[in-house]
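Peer 1: If you scroll down you'll find the structure; I have some questions about it.
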Amino acid sequence: MKSATENVPSDGQFTLKVEDLWVTYLAERGKVKAVRGVSFTLRPGETLAFIGESGCGKTTLGLSLIRLLPSTAEVEKGHILYRRDTEVMDVLQMNDRELRQFRWKECAMIFQGAQNAFNPVLRIWAQVLDTARSHGVTNKKEIRQRMEDLFRLVQLEPERVLRAYPHQLSGGMRQRVLIALGLLLKPPLVILDEPTTALDILTQRSVIDVLRDIKEKMDFSLILISHDLSLAAELADRVATMYAGKLVEVANVWDTYYHPLHPYTVGLIHAVPTLAGEREELISIPGSPPDLIDPPKGCAFHPRCPYATEKCRTEEPPLIPVAQDHEVACWHWQQVQEDGGQRMMVYSEAKAG
Amino acid sequence: MTTTSLAQSTPSRRFDVLYWLRRLSRNFILRRVLMALAKIYVVITLTFFIVRLMPTNPIEAYVNELIDQYGFTYQEARDQAAALYGIDLEASLWTQYLEYMKNLLHGDLGTSYRSKGTPVAKMIAKFLPWTLFSVGVSLLISFTLGMLLGMIMAYRRGSVLDHVLTTIASIFSSIPNYLVGMMILVFLGVQWKIFPITKMRGAMSPGMKPELSWAFIKDIFYHATMPILTYVLTTIGGWMLAMKSNTINTLGEDYVTVAKARGLKESRIITSYVGRNASLPLFTQLAISIGFIVGGSALIEFIFVYQGVGQLLLNSINYRDYPVMQGVFLVITIAVILANFLAEFVYGWLDPRIRVQ
Ligand SMILES: Nc1ncnc2c1ncn2[C@@H]1O[C@H](COP(=O)(O)OP(=O)(O)O)[C@@H](O)[C@H]1O
Ligand code: SF4
Ligand SMILES: [Mg+2]
């Protein structure tokens, strides 16, 4: 409990509260420590984005929230508290039946690359019915009505899509079908894992517009996982930066993009066109995320960090609040604040040549 | 008047012909039918000639017998044989072939050499139902049971049960069926006397009338028990292993994970999401195996003295009874091609990715 108290909003309201979550994969080479002590709070109705390079543990984190990790994975430690009205449940303690009812009805997870998300031998309508019936909704007319509304919301032709087999729809359409299906049971919590990867630019745009539209019209909390920072910038209220299985910075979207305090976040933001849209060169951070079987001692980012000192190599910086709605895990965040992340940017550019 | 109408109708008819030809060539079903017919034709032709390349034939044997035992001259013996078998021995192979094909087109499979004068079609009609029955029942059992066990193995993979079943399946699918048949005969029949083999002989008990009665159904199942057991034991392993590997692959598909995320009931996921998709490829194999089993039924029916086409085929080979041999080959061929033909449609019907563009 103690590590998460800082995160809890003053009114104590939350949809999801994750406390000190540790997840490992058993691989041939050893234990992959994919999530290493993650804590955060998701407030009702807000959108929290998780950003970070590929391999930082974002998907693993998302999957563990609905306990859909592959069988080689193990949640070693932690709590995932889900709150509905006055009731608080730990997802990790649920039995099979509770878990099945929790999935989709309480928390819908829309997967990364949902190209293959639908059973190829069943029509979309049959799969909609499957979903509704599994959660005790049996009135066909009502289901149809709601699904048609949702399809219109995601700019799909309801008649055609409901009748179609998955292979008759394009990738972008399938992604939107899954998003619409995710909202069928009005879940208070939705997780979107890389909703736009594997789509072409135009389709990406339309999916983003659809998401924004839905978020305005409907009331649910959203966890958005993406390495696409512009997507996060457009949709998120708060942004959590993840590196090597840990949260290194959690802040509101404005601070994240204009006053990042963790060198890694600085590097990420610097690598993409900025929020306002003035094009900057795409420069990535030199090096790559560490091997999570044996992550670096101290701050895991130190091999790639221009601010690193001896302390960084031996002691792990905790995630601490440094301002209103802003937490960071870095020994030298003040230095970053003073130079506006300049050293990180120069370092990236120099290495990029 | 007639001339004008002719002149007028010719261009439009030609147009029609072209139109229909074009449509037909694009027609999926028709193309398959033509392919099937072509295959049947090739097999008939090959069988006709291969059968005649076999050393010694019954007519020669009969001719020799007449010469040796009754002192016929060669010419007399040949005339006698020709009259008896109703064939023209002087005709060239080519003429015989044309004659055979002409008769075939009229549905005439010829008459048996050995059971002199009995039409081959009649013999096949008598023997074929038993093969279709025993093979059909076996396939149904081994296919459904094999799929079920395969799925269980996949769901419990790595468990003791999985290892035991996988080992058994691999062993059984690699032993030839006649060996299994012999073992059943020797151990279950002769040694331990679990099956009263003499009573179980034949396709049904003597005096039993084919009718739709419980007694009759029970009786034919009783007589088919050993062949069915053999077929099931030798084919089930293949189904189990194929289904296991398909199921494991399907379990790794995104749509199964998403189905779980959607909170679907486990039973629904197992049947409609995993089972249905994992079994799709097996339906193609099902058709192929029909041919294999019918083709491989000869030794089994011989071992258990079961009156199916396999038995008929063995006998006809023994006695060089060409017309019967050809007839049986023809029927087996048609059965295999028909089964493949059906399989494609069943597959298309089960898999919308093929059916619906
Ligand atoms: N099934 C798995 N088995 C072993 N290691 C895995 C598995 N899935 C992911 N990993 C590892 O866990 C780490 C985090 O992966 P992931 O959660 O997919 O990151 P992200 O979504 O941020 O790209 C990576 O190092 C990845 O190699
Ligand atoms: S703790 Fe040290 S190494 Fe880690 S990000 Fe901060 S300055 Fe860099
Ligand atoms: Mg991912």
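Peer 1: Using the per-residue mean of other Cβ atoms lying within 10 Å as a proxy for protection, in what order, highest first, do the peptides B:204-215, B:34-45, A:195-206 fall? List each step's numbers first, then the result.
Peer 2: Details: B:204-215: 10.1, B:34-45: 13.8, A:195-206: 16.0.
Averaged packing, sorted descending, gives the order A:195-206, B:34-45, B:204-215.
Peer 1: So who's got an amide H within less than 5 Å of the one on A:VAL35, skipping anything under 5 residues away but keeping other chains? H placed 1.01 Å off N, in plane.
Peer 2: Sorted by chain and number, the residues that satisfy this are A:VAL23.
Peer 1: For the pair B:SER245/B:LEU30, report the inter-label distance in nm, with labels modelled 7 Å from Cα in the Cβ direction.
Peer 2: 4.0
Peer 1: For chain B, report the % of Cα-Cα distances exceeding 31 Å. Before the final figure, lay out the partial values.
Peer 2: Working: 34085 of 63546 pairs.
Roughly 54 percent, once rounded to a whole number.
Peer 1: Across peptide A:118-125, what mean number of C-beta atoms from other chains lies inside 10 Å of a residue's C-beta? Intermediate values should be presented prior to the final figure.
Peer 2: Details: counts 5, 12, 9, 11, 6, 2, 0, 0.
So the per-residue partner count for this stretch is 6.
Peer 1: Here's something else I'd like to know. With θ taken as phi - 60° and the coefficients 6.51, -1.76 and 1.60, list the Karplus ³J(HN,Hα) couplings across the range A:287-295 in order, rounded to whole Hz; mark glycine and proline as x.
Peer 2: My calculation for the range A:287-295 gives x, 9, x, x, 5, 7, 6, 9, x Hz in order.
Peer 1: May I ask you to derive the relative contact order of the range A:258-352, considering only C-alpha pairs under 8 Å and at least 6 residues apart, and to give it as an integer percent? Walk me through the numbers on the way to the answer.
Peer 2: On the way: 118 pairs, mean separation 32.6, N = 95.
About 34 percent, as a whole number.
Peer 1: Using a 7 Å offset from Cα along Cα-Cβ at B:LYS265, what residues in the range A:120-139 end up with backbone N under 15 Å from the label point?
Peer 2: A:129-139
Peer 1: How large is the Kirkwood hydrodynamic radius of the range B:140-228, counting all unique pairs of alpha carbons, in Å?
Peer 2: On the way: mean 1/r = 0.0640 Å⁻¹.
For the range B:140-228, inverting the mean 1/r across all distinct Cα pairs yields 15.6 Å.
Peer 1: Roughly how many nanometres apart are two label points built 7 Å out from the Cα toward the Cβ at B:ALA83 and B:LEU338?
Peer 2: Result: 4.0 nm between the two label points.
Peer 1: Give the lysines reachable from A:LYS141 as a straight Cα distance under 23 Å; neighbours fewer than 8 places away on the same chain don't count.
Peer 2: Within the straight-line cut-off, A:LYS141 pairs with A:LYS105, A:LYS186, A:LYS217, B:LYS265.
Peer 1: What is the sum of charges, Lys and Arg at +1 and Asp and Glu at -1, for the other residues whose Cβ falls under 11 Å from the Cβ of A:ALA34? Walk me through the numbers on the way to the answer.
Peer 2: Values: positive: A:LYS31, A:LYS33, A:ARG36, A:LYS58, A:LYS246; negative: A:GLU74, A:GLU76.
Its environment carries a net charge of +3.
Peer 1: Please list B:65-71, B:299-305 highest first by mean number of surrounding beta-carbon atoms within 10 Å per residue. Walk me through the numbers before you get to the answer.
Peer 2: On the way: B:65-71: 12.1, B:299-305: 22.0.
Output ranking for B:65-71, B:299-305: B:299-305, B:65-71.
Peer 1: Nearest 10 degrees is fine. How inclined is helix A:171-182 to the longest principal axis of chain A, computing both from alpha carbons?
Peer 2: 80
Peer 1: Right, here's the next one. Based on the Cβ-Cβ distance of A:GLN342 and B:LEU148, what FRET efficiency does E = 1/(1 + (r/R0)^6) give at R0 = 60 Å, to the nearest 0.05?
Peer 2: On the way: r = 67 Å, r/R0 = 1.11.
Once rounded, the FRET efficiency stands at 0.35.
Peer 1: Determine the shielding of peptide B:250-259 by partner chains: average, over its residues, the number of Cβ atoms on other chains within 10 angstrom of each Cβ. If you can, show how the numbers build up before the last one.
Peer 2: Details: counts 0, 0, 1, 4, 8, 10, 2, 7, 13, 8.
For this peptide, the per-residue mean of nearby foreign Cβ atoms is 5.
Peer 1: Please list, in order along the range A:299-311, the HN-Hα scalar couplings obtained from phi with the Karplus expression 6.51 cos²θ - 1.76 cosθ + 1.60 (θ = phi - 60°), rounded to whole Hz, x for Gly and Pro.
Peer 2: Taking θ as phi minus 60°, the curve returns 7, 5, 8, 4, x, 10, 9, x, 8, 4, 10, 4, 4 Hz for the range A:299-311.
Peer 1: Continuing with the same structure: For chain A, what is the mean residue ellipticity at 222 nm derived from helices alone (per DSSP H run of n ≥ 4: -39500 (n - 2.57); sum divided by total residues; nearest 500 deg cm²/dmol)?
Peer 2: On the way: 13 runs with 119 residues, N = 353.
Taken over chain A, the calculation gives -9500 deg cm²/dmol.
Peer 1: Using alpha carbons only, how many degrees (0 to 90, rounded to 10) separate the axis of helix A:342-352 from the longest principal axis of chain A?
Peer 2: Tilt relative to chain A: about 80 degrees.
Peer 1: Let me ask something else about it. Nearest 500 deg cm²/dmol is fine: what mean residue ellipticity at 222 nm does chain B get from its DSSP H runs of n ≥ 4 alone, each adding -39,500 (n - 2.57), divided by its residue count?
Peer 2: On the way: 16 runs with 267 residues, N = 357.
Taken over chain B, the calculation gives -25000 deg cm²/dmol.
Peer 1: Relative to the compact globular guide of 2.2 N^0.38 Å, what is the alpha carbon radius of gyration of chain A, as a ratio?
Peer 2: 1.01
Peer 1: Using amide H atoms built 1.01 Å from N in the peptide plane, name the residues 5+ places from B:THR111, or on other chains, whose amide H lies under 5 Å from its own.
Peer 2: Amide H neighbours of B:THR111, under 5 Å, 5+ apart: B:VAL120.
Peer 1: Between B:LEU98 and B:LEU140, what's the calculated FRET efficiency when r is the beta-carbon distance and R0 is 51 Å? Round to 0.05. Present the calculation step by step, with values, prior to reporting the outcome.
Peer 2: Values: r = 42 Å, r/R0 = 0.82.
Plugging the Cβ-Cβ distance into 1/(1 + (r/R0)^6) gives 0.75.
Peer 1: Hey, can you grab everything whose amide H is under 5 Å from the amide H of A:LEU192? Only 5+ residues off in sequence or another chain; H modelled, so Pro and N-termini drop out.
Peer 2: A:ILE110, A:ILE223, A:LEU224, A:ILE225
Peer 1: Given R₀ = 45 Å, FRET efficiency for B:VAL164-A:LYS297 by Cβ-Cβ distance, to 0.05?
Peer 2: Details: r = 47 Å, r/R0 = 1.05.
With R0 = 45 Å, the Cβ-Cβ based efficiency is 0.40.
Peer 1: For B:LYS199, list the aspartates and glutamates whose Cα falls under 20 Å from its own Cα; do not include residues on the same chain fewer than 8 positions away.
Peer 2: Once the sequence-local aspartates and glutamates are set aside, what remains near B:LYS199 is B:ASP219, B:GLU301.
Peer 1: OK, next. Could you give the alpha-carbon Rg of the protein assembly as shown over 2.2 N^0.38 Å, rounded to two decimals? If you can, show how the numbers build up before the last one.
Peer 2: Working: Rg = 37.1 Å, N = 710, 2.2 N^0.38 = 26.7 Å.
Its radius of gyration relative to the 2.2 N^0.38 Å reference: 1.39.
Peer 1: Rounded to whole Hz and in sequence order, give me ³J(HN,Hα) for the range A:243-252 from the Karplus expression 6.51 cos²θ - 1.76 cosθ + 1.60, θ = phi - 60°, writing x for Gly and Pro.
Peer 2: Per-residue couplings from phi come out as 9, 6, x, 10, 7, 9, 7, 10, 7, 5 Hz.
Peer 1: Using a simple spin-label model with points 7 Å from Cα along the Cα→Cβ vector, what separation in nm is obtained for B:GLU76 and A:ARG205?
Peer 2: Distance between label points: 10.3 nm.
Coordinate-derived values only; no laboratory data. Because the structure is predicted, anything quoted here is derived from the model rather than measured. Counting neighbours? That spans all protein chains shown, and the Cβs are built from the backbone with ideal geometry, glycine included.
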